[in-house]
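The values are calculated or read from the model by the stated rules, or taken from the named source; none is laboratory data. Only a predicted model underlies this, so the values are computations on that prediction, with no experimental measurement involved. Cβ sites come from the backbone with ideal geometry, for glycine too, and all protein chains shown count toward neighbours.
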């Protein structure tokens, strides 16, 4: 074996190697190797860098920096890697992994900067613990259970919805029915398969697909008319003679919810709390 530089120094404040370059375009230390470029071992501080610009500039074909924390038996209990190829020959910007001291099995792992994936996080107890406000831009897919301890903050109307396919174009707020293929369509008062109202801006969509979200619970805007007379807050809403449009509930049929505000114009929208039920009342008097 061959060695370019070997230094072994003992003594307080001693330096095994000191490299300095006064040129702004030069290098303090330049290492080129086909195997290991440098190896540093110390009982306290192994490497101390002080630079006005770039402390370390590495160019490598497989692995950049590997840092390991070992216990008293020299077993790795924590490992961090920077700019390397993983076992699938994929480039990874950063990896941090913890190991159980007894079994030495991985207990948590974070990979950042994989091809097409910003972060890959796993943990035996908890994969991610976030304190503070968070913003996610894009769709979120959850394979498992979702627990929401606090509601939708800042939602003028917030509801829980589930998306379904649609037969034809349906606007938000429309009263709809569903066929045997779980496909939504606008409903009128003669339809006995009424299932609810199309959500405008659901706080949570349980099945976001190419279709429309059906409000399952919560507060939603609903399209209404004065066909059955003035709507008062607290009145039940059911489908009218105009497909997709609701009116004050009269006679017998499926009610989609309760009005939270009054309405007396010809057509418009009001806030309604979703409550699918069978309504059996007296005929309306306009």
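Miscellaneous remarks
- Just one of the numbered conditions (1) modelled with pLDDT under 95; (2) in a loop (DSSP other than H, G, I, E, B); (3) buried (at least 17 other Cβ atoms within 10 Å of the Cβ) is not true of residue 192: (3).
- When 127, 80 are checked against the criterion of being surrounded by 11 or more Cβ atoms within 10 Å (Cβ to Cβ) and within 16 Å of the chain's Cα centre (by Cα), a single residue qualifies: 127.
- Residues satisfying the stated conditions in segment 175-188, i.e. outside any strand (DSSP E or B) and crowded, with 22+ Cβ neighbours inside 10 Å: 187
- Any hit, segment 31-53, residues being farther than 30 Å from residue 12 by Cβ and either in contact with a strand residue (DSSP E or B) (Cβ under 8 Å, 6 or more places away or on another chain) or at pLDDT 80 or above (or both): no
- Tally of residues being part of a strand (DSSP E or B) and at negative phi across segment 195-207: 5
- Total residues in segment 195-229 satisfying the condition of being within 28 Å of residue 143 (Cβ to Cβ) and within 26 Å of the chain's Cα centre (by Cα): the figure is 22.
- Listed by position, the strands (runs of 3 or more DSSP E) enclosed by segment 208-286 that each have at least 1 residues that are surrounded by fewer than 19 Cβ atoms within 10 Å (Cβ to Cβ) and either touching a residue at least 40 places away in the same chain (Cβ under 8 Å) or in contact with a strand residue (DSSP E or B) (Cβ under 8 Å, 6 or more places away or on another chain) (or both) are 212-225, 252-259, 267-280.
- Options 154, 158: the member that is at pLDDT below 85 and loosely packed, with under 15 Cβ neighbours inside 10 Å: 154
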